[in-house]
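The values are calculated or read from the model by the stated rules, or taken from the named source; none is laboratory data. Fair warning: this is a prediction, and the values are worked out from it, not measured in the lab. No Cβ is skipped: glycine too gets one built from the backbone with ideal geometry, and neighbour counts run over all protein chains shown. All accessible areas refer to the heavy atoms of the entire protein, side chains included, with ligands and DNA or RNA removed. Shrake-Rupley method; radii C 1.70, N 1.55, O 1.52, S 1.80 Å.
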Amino acid sequence: MAQAPETKNVTFTLDGKQVTAPHGTTIWHVARDADIDIPHLCYKDADGYRADGNCRACMVEIDGERVLAASCQRVATDGMIVHSATERATKARAMVMELLVADQPRRTDSHDPSSQLWHYAEEQQVDHSRFPGKKAPHPDSSHPAIAVNMDACIQCNLCVRACREVQVNDVIGLAGRGADAHIIFDFGDDMGASTCVGCGECVQACPTGALMPKTVLDDSQKLAITPDKQVASVCPYCGVGCQLNFHVKGEKIVAVTGREGPANKSRLCVKGRYGFDYIDNPQRLTVPLIRRDDVPKSASLPFDPATPLTHFREASWDEALTRAASGFSDIKQAHGASALAGFGSAKGTNEEAYLVQKLVRQGFGTNNVDHCTRLCHASSVAALLENIGSGAVTASFSQCLHSDAIIVIGANPTVNHPVAATFIKNAAQGGADLFVFDPRGQALDRYATDSLNFTPGADVALLNAILHVIISEDLYDKEYVATHTEGFDALKSQTKATSPEAMAPICGIEPDKIRKVARTFAAAKAGMIFWGMGVSQHTHGTDNARCLISLALLTGNVGKQGAGLHPLRGQNNVQGASDAGLIPMFFPDYKSVSDDDVRTKYENLWEASLDAEKGLTVVEITDAAYDGTIKGIYVMGENPAMSDPDQNHARAALARLDHLVVQDIFPTETAAFADVILPASAFPEKDGTVTNTDRRVQRGRLAVPPPGDARQDWWIITEIAKRLGLAWTYKHPRDIFAEMRIVMPSLTGITWDRLEAEDAVTYPCADELSDGADILFGDVFPTPSGRGRMTPADVLPPDEVPDETFPLVMSTGRLLEHWHTGSMTRRASVLDELEPVAEVHISRPDMTEKGIRAGQMVKVETRRGEIELAARMDPNLPAGMIFVPFCFTEAPANMLTNPALDPFGKIPELKFSAARLTPTPVIDAAE
Amino acid sequence: MVMQGLYDIMALGNKSMPESVFPEDGTPPPEQGRQGKKRGPKGKPKGRMVIPEARATIAALLGTIPLRRDQLIEYLHIIQDEYGHLSAAHLAGLADLMKLPMAEVWEVASFYDHFDLVSEGMEAPPARTIRICTSLSCMMQGGEALLQKMQSMRSEGKIDADVRFVPAPCLGACDVAPAAADGHHLVGYANTDNLMRVITTGTPHDIPDYIGFTAYRAAAGYALIEALNAATDDAHAEMVSGLMSTLSDAALRGLGGAGFPTGRKWSIVAGYDGPRLMAVNGDEGEPGTFKDRYYLSSDPHRMLEGVLLASHMVGITKCYLYIRDEYPEIIALLTKELALLEASGLLGSLEIELRRGAGAYICGEESAMIESIEGKRGLPRHRPPYVAERGLFDRPTLVNNVETLFWVRDILERGADWYNDQGREGHPGFRTYSVSGRVAQPGLVTTGAGATVAELIEACGGMADGHEFKGYLPGGASGGILPAHLADVPLDFGGKLAELGCFVGSHAIVVLSDKDNMWKAATNLLQFFAHESCGQCTPCRSGTEKAVSLMTSDAPDTALLGELADIMADASICGLGQAASNPLISAMTHFPGDIPDAASET
């Protein structure tokens, strides 16, 4: 809850000069602004870091005060006379350094001779200490990414603040007392054995080298690698859009640090910070590959990505591109454009997404183009477009810092959007009421006012009960409803029967709790709703989202500070790829393909006649491939063989294709079925823009070149287009971006040059001088009536309800360390070491009942298939529910998932399948 | 509405909790592989898991749900009392119940001496703990030697292995030095004989004779409170204003050691917007001080009436009594008397909550005490803001020492002049000096302010037999050390004493003799500070440790110690660090001959 900015100034004397600063400014900050560099160790001049004033390296003298004051912490007041450089102050500061240095390894033996500690020691001519040292603690190398060398620790507790107050991961503490004060992880455990989530915020904060990335240290724990340069870019993983710096030595990324981006405020998670070496994995594709004539495509034939030449032969770029393009043109000629399809990628840039949809529409002549948004938020987008006329978030996630009440439903942001989660936790710690709705327990529960662990699949029942309370108890925002919404009467009559008492048996939440949440949210001055795949990946996913939209509209929680609807986007550019038209029913900016005016505009621009019919969606394309109506697919950066539901079916469909071109950085499970594989560039190897979950368009920059003969994706797409007879002349991503700006009003005000200078601009943005709009729809909605609609939803069961044969509910999702299908993260050494083995998560009661021991192999079956993997006891799961991460190729969850689709969003019900679990007989090792 | 009853398997949470699924449940996995090495399945989430049985045990033990964050230390006491230690499993259960990070629970528990933390695989401590005071007054009477003796008897098997002997900082019983405590129950004049007897027969947990509620009431106690409670709003305001001016006219000052004028403090706190809170500092821990123990164990209601008067005069809604864990008999009697007081209806809307310290001298520092009442580590806060403006739970807070409150009723009933007339010339008011060390009869001397050590020695029956007066501590461990020739300095706040770089603090006078080496005495005091430093700021955390290290060397580097003393005094966050070097400076100034190397030179 932000205070109104204090405008009063104070005037005081600093080193003999009169200075004026805003009320509340510390002496240290005023000094900094006056170019006086006061040493500081325990203070980090960064967002979210409270001054603690404990190291005493920044002492200054204030007239009239008995003792010296810590300038980092002391707020300047009117008339104060401060001296930063008296003998008394400088002597005290130097003595502090000497005391600290006494217990350190000597600089020449130190872990990081360039640390802030040694920098300021040198500034004060302290290179050794006259004081006796004390016994150094043992090093702790238990964590795969972080070296813990507490002999360099000065107990400044910056890592504690980083862990507990900034990222709120709550692992680090300062235990003991006096000279025995020491940093602990949990109960004094080794870092690698603790609950540490590896975000590395502590490493970034540590001023001494006590916490360092292992990648830059040698075996003696000394700094061995100093980067040549830092390249400012964006994280390639989830939709949070953290800005970061790639630290590059030669042609290798050696470390990553967080950058002060608008979304992340220098924070990163374990993936962004330590998951970068996938680009150096030996399995990288470095030359074009063409399928060997003697290897048939088969869903059952094993394929090892380490040895792709069992299935493929190397080819020149020219041969591969010609083969790729001619395969498509042959099919088009023989079977028509509708026999072709293309999958773009939410992991690529906006420019690449634009080119893929353009290639499919202009070159293939069909709207059969889609990407994995279909598998994440298609239903959310359907509901948002239907009811508020826009598929993106109405407010950035950090608006939650201004919320009084926050609902997180069907999302596990500490795992899937870890940095966004840190702001939600900050908000909760700042006093906002946080309500977490999820069948599973999760890390956010600790900060929640209440957690509603409802019956899986009963979302609509729970939400309708909340809507019922707000309407029946007259708690809704009548003025807002009257002036900004429509559909209230229908919602009122639909929810008349959905009282908490009526819904409780269905959703499993006591009526009192439902009422409490409803009343608190309705009473909040500003409320925000976050949701994720738990809402969208259901056959009733669109209905779920409709309920959430109704809840926001009913309580007037759209279009103002601290309020809004925020579907957390799962991939670094899923927002941008959708905006760029990588969806079968829309041209860029969600302009309908069946709208004649729109289509004519594109036909003129692209000089081609375009398909007027909506294309097929991801799962529909797979089905059509299986049925033989689609014969050729171009896959750029997607992995449907892992990400599509009912994988046996999906892989069989891929095997049946006449022509499959896969453009990727690894020989993925999908590439196994390819005719042509085109080696592409990873995100740190390219220039381009990506759009995060907040609608921020951000600039990614090339840090290292692609390996071998791998090429830029935009170049590859362009070369295919040329071979399909299209006159594309792009020379650089900026040319593509310029073309996008012609057709996309959302990019008004956002030029390439501006992004080059500012790194991030939020859309919509009125002009090149304005800031983008963080919060949308304060007044009108982009709907025909200008009002937001409340669409009622029926309570319906999931598609496949558990029964005697398949008694368990199986849900799927990601792990913190493994992103999406694991093609990148499982090839990132740190992430793979942290989560190396496929495990099914099982509740404690179910483990006991079935006599399953932790780590034991078990078989998970559904009507679609079976997988074998190890058992993990998960205290967050309720009895009767299991969870399978979908990143493990050796035990792919999507072998089991249900392809039943939501009728509106066409998203499969990945969050709910009926399953059963059997322990695998333990084979006697002595055998 | 088709879903109802469709899958009853989903009826969550109605199954009873099973036995542990795997034996290592709850313990972190062993040594993990180095980077690049594949490992087997983990089978569980990261880190230590909460064991449902341990969690349930703690929930049952604590009873009250939801648990309060500020009560963390009380919960730790309950678990420690029940099991004799705090196991990792129980603490993980507690953290989970309180929705706290494990690290937060561990750092709080590990801050206080009276908690024994036991990790998985670690042996629990012996069931019984006997603490032997090794602070200055007790050291002089053989406390350290006794400790060593008892420990060696134990290791020789002469004492049950289920008893352990540990050193303890000042137990507030310097008049009966050397002091020991069985659990927390005091054993005065400790020696091997009475400790052996205690081990076999136990310590009687007697509550001393004291003036209870009925007797106190009978002697017109709480009469002022009754009048205030009965007054109309206007009359109440008028009464309060009169009482306030009496208190302001009285020379009553903070007798915990800071000496801040009490009337002024009450006015300042009353000037801030409510709700206003109060904390009574009963964490008497300054070595040599045992006056609050006496007042609380003889006439507790006089202090409590001070609290009630504050509630009327300052507008206090809730008061916390923070009593050190070393005074269990006082905690017991206060528990009893508070119940009577509450039942009497005299409290009005005032709430009083009793809190137990847990073995940390620093919690006698008012802002550290406030942190501790909030259930945290006792880290002193930075000033400004002062606790009067932002104290407990960020509310304006009145903090008073036990003895300060003890005098309030009498001052308000008898008038400011009565109180002011008690002192010596230029030193108004009463003082209670705790006198210990080499005097014939150590004990409390209640007299007018401004007494000299010469007067106090005389009041205590002169020097102990065979001892010649050599020097004295005018104000506990932190007030410095003065030589015998400065025996005529009035012992009061400020004045001559301050000019000598010393202070009277809590009025704990420790008398030393020709049998005492002042460097050793100063080293003992620095060891005390090193042990009790909260560890927050460098000058104190590192400074006290380095000072001890240098002082115990064969030839102490006095020049470096001097530089160190300066920065500790100048750059520490709180009074502990700022004053910790006083005995060191005094020893170097007044007793250079006692410094090992210096002695050999002369």
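None of B:Leu309, B:Leu333 is surrounded by fewer than 24 Cβ atoms within 10 Å (Cβ to Cβ) and either outside any loop (DSSP other than H, G, I, E, B) or hydrophobic (A, V, I, L, M, F, W, C) (or both) except B:Leu333.
Scanning the range A:879-887 finds one or more residues that are part of a strand (DSSP E or B), crowded, with 22+ Cβ neighbours inside 10 Å, of a type outside the set (A, V, I, L, M, F, W, C) and more than 9 Å from chain B (Cβ to nearest Cβ).
Condition check ((1) touching a strand residue (DSSP E or B) at 6+ places or on another chain (Cβ under 7 Å); (2) under 30 Å from A:Gln104 (Cα atoms); (3) touching a residue at least 12 places away in the same chain (Cβ under 8 Å)) across all residues:
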| position | (1), (2), (3) |
| --- | --- |
| B:Leu500 | yes, no, yes |
| B:Ala522 | no, yes, yes |
| B:Leu526 | no, yes, yes |
| B:Ser542 | no, yes, no |
| B:Met551 | no, yes, yes |
| B:Ala559 | no, yes, no |
| B:Ile567 | no, yes, yes |
| B:Asn582 | no, yes, yes |
| B:Gly593 | no, no, no |
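When the range A:80-126 is filtered for residues that are acidic (Asp, Glu) and in contact (Cβ under 8 Å) with a residue 24 or more places away in the chain, the ones remaining, listed by number, are A:Glu98, A:Asp103, A:Asp109, A:Asp112, A:Glu123.
Within the range A:40-55, the set of residues being within 13 Å of another protein chain (Cβ to nearest Cβ) and either open to solvent by less than 10 Å² (accessible area, probe 1.4 Å) or more than 16 Å from B:Cys537 (Cβ to Cβ) (or both) comprises A:Leu41, A:Cys42, A:Gly53, A:Asn54, A:Cys55.
Condition check: at pLDDT 95 or above, in contact with a Gly (Cβ under 8 Å, 6 or more places away or on another chain) and of a type in the set (Gly, Ala, Ser). Does B:Gly475 satisfy that? Yes, satisfied.
Of the strands (runs of 3 or more DSSP E) lying entirely inside the range A:366-484, the ones with 1 or more residues being open to solvent by 10 Å² or more (accessible area, probe 1.4 Å) and charged (D, E, K, R) are found at A:433-437, A:450-452.
State whether one or more residues within the range A:110-130 are open to solvent by 10 Å² or more (accessible area, probe 1.4 Å), within 12 Å of another protein chain (Cβ to nearest Cβ), closer than 30 Å to B:Leu561 by Cβ and of a type outside the set (A, V, I, L, M). Yes. Checked against (1) of a type outside the set (Phe, Trp, Tyr); (2) open to solvent by 10 Å² or more (accessible area, probe 1.4 Å); (3) at pLDDT below 95, A:Gly905 meets all criteria but (2).
A:Ile184 meets each of the listed conditions (1) within 11 Å of chain B (Cβ to nearest Cβ); (2) open to solvent by 10 Å² or more (accessible area, probe 1.4 Å); (3) of a type outside the set (D, E, K, R); (4) not in a helix (DSSP H, G or I) apart from (2). Of the numbered criteria (1) modelled with pLDDT under 95; (2) open to solvent by less than 30 Å² (accessible area, probe 1.4 Å), the one B:Ala161 fails is (2).
Screening the candidates A:Ser141, A:Ser71 for the property of being open to solvent by 10 Å² or more (accessible area, probe 1.4 Å), polar (S, T, N, Q) and more than 27 Å from B:Leu550 (Cα to Cα) yields one hit, A:Ser141.
Among the residues making up the range B:262-313, those that are in contact with a Lys or Arg (Cβ under 7 Å, 6 or more places away or on another chain) and among the β-branched types (Val, Ile, Thr) are B:Thr262, B:Val269.
Within the range A:832-846, residues that are under 15 Å from A:Trp819 (Cβ atoms) and modelled with pLDDT of 95 or more have Cβ atoms under 6 Å from residues that are open to solvent by less than 10 Å² (accessible area, probe 1.4 Å) and among the acidic types (Asp, Glu) in these pairs: A:Leu834/A:Glu817; A:Glu835/A:Glu817, counting only partners at least 6 apart in sequence or on another chain. The residues in the range A:654-669 that are part of a strand (DSSP E or B), crowded, with 24+ Cβ neighbours inside 10 Å and not acidic (Asp, Glu) can be counted, and the count is 4. Residues that are in contact with a helix residue (DSSP H, G or I) (Cβ under 6 Å, 6 or more places away or on another chain) and open to solvent by less than 20 Å² (accessible area, probe 1.4 Å) were ranked within the range A:772-801; the one that is nearest to the other protein chains (Cβ to nearest Cβ) is A:Val795.
Every condition in (1) part of a helix (DSSP H, G or I); (2) open to solvent by less than 10 Å² (accessible area, probe 1.4 Å); (3) touching a strand residue (DSSP E or B) at 6+ places or on another chain (Cβ under 6 Å) is met by B:Ser110 except one, and the failing one is (2).
Could you tell me whether A:Ala92 is hydrophobic (A, V, I, L, M, F, W, C) and more than 10 Å from every other protein chain (Cβ to nearest Cβ)? Judged against the criteria, A:Ala92 is not a match. Just one of the listed residues (A:Ile225, A:Ile154) is more than 14 Å from chain B (Cβ to nearest Cβ) and either within 30 Å of B:Val105 (Cα to Cα) or open to solvent by 20 Å² or more (accessible area, probe 1.4 Å) (or both), and it is A:Ile225.
Residues are listed down the side, and each one gets a yes or a no for (1) modelled with pLDDT of 95 or more; (2) open to solvent by less than 50 Å² (accessible area, probe 1.4 Å); (3) more than 10 Å from every other protein chain (Cβ to nearest Cβ):
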site: B:Arg34; (1), (2), (3): no, no, no
site: B:Arg48; (1), (2), (3): yes, yes, no
site: B:Ile58; (1), (2), (3): yes, yes, yes
site: B:Gln80; (1), (2), (3): yes, yes, yes
site: B:His90; (1), (2), (3): yes, yes, yes
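In the range B:543-597, the qualifying residues are those that are open to solvent by 30 Å² or more (accessible area, probe 1.4 Å) and aliphatic (A, V, I, L, M), and the one that is nearest to the other protein chains (Cβ to nearest Cβ) is B:Ala569.
Every residue, every condition in (1) part of a loop (DSSP other than H, G, I, E, B); (2) open to solvent by less than 10 Å² (accessible area, probe 1.4 Å); (3) of a type outside the set (Phe, Trp, Tyr); (4) more than 9 Å from chain B (Cβ to nearest Cβ), yes or no:
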| position | (1), (2), (3), (4) |
| --- | --- |
| A:Cys159 | no, no, yes, yes |
| A:Gly188 | yes, no, yes, no |
| A:Cys199 | yes, no, yes, yes |
| A:Ser220 | yes, no, yes, yes |
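Among the residues making up the range A:839-871, those that are facing chain B (nearest Cβ under 7 Å), in a strand (DSSP E or B) and either crowded, with 23+ Cβ neighbours inside 10 Å or of a type in the set (S, T, N, Q) (or both) are A:Glu839, A:Ala871. Scanning the range A:802-821 for residues that are within 14 Å of chain B (Cβ to nearest Cβ) and either assigned to a strand (DSSP E or B) or crowded, with 18+ Cβ neighbours inside 10 Å (or both) yields a count of 10. Could you say whether any residue in the range B:525-540 is at pLDDT 95 or above, part of a helix (DSSP H, G or I), within 11 Å of chain A (Cβ to nearest Cβ) and more than 20 Å from the chain's Cα centre (by Cα)? For the range B:525-540, residues at pLDDT 95 or above, part of a helix (DSSP H, G or I), within 11 Å of chain A (Cβ to nearest Cβ) and more than 20 Å from the chain's Cα centre (by Cα): present.
Taking helices (runs of 4 or more DSSP H) as the structural unit, those lying wholly within the range B:173-245 and holding at least 2 residues that are farther than 18 Å from B:Leu341 by Cα and not charged (D, E, K, R) correspond to B:192-201.
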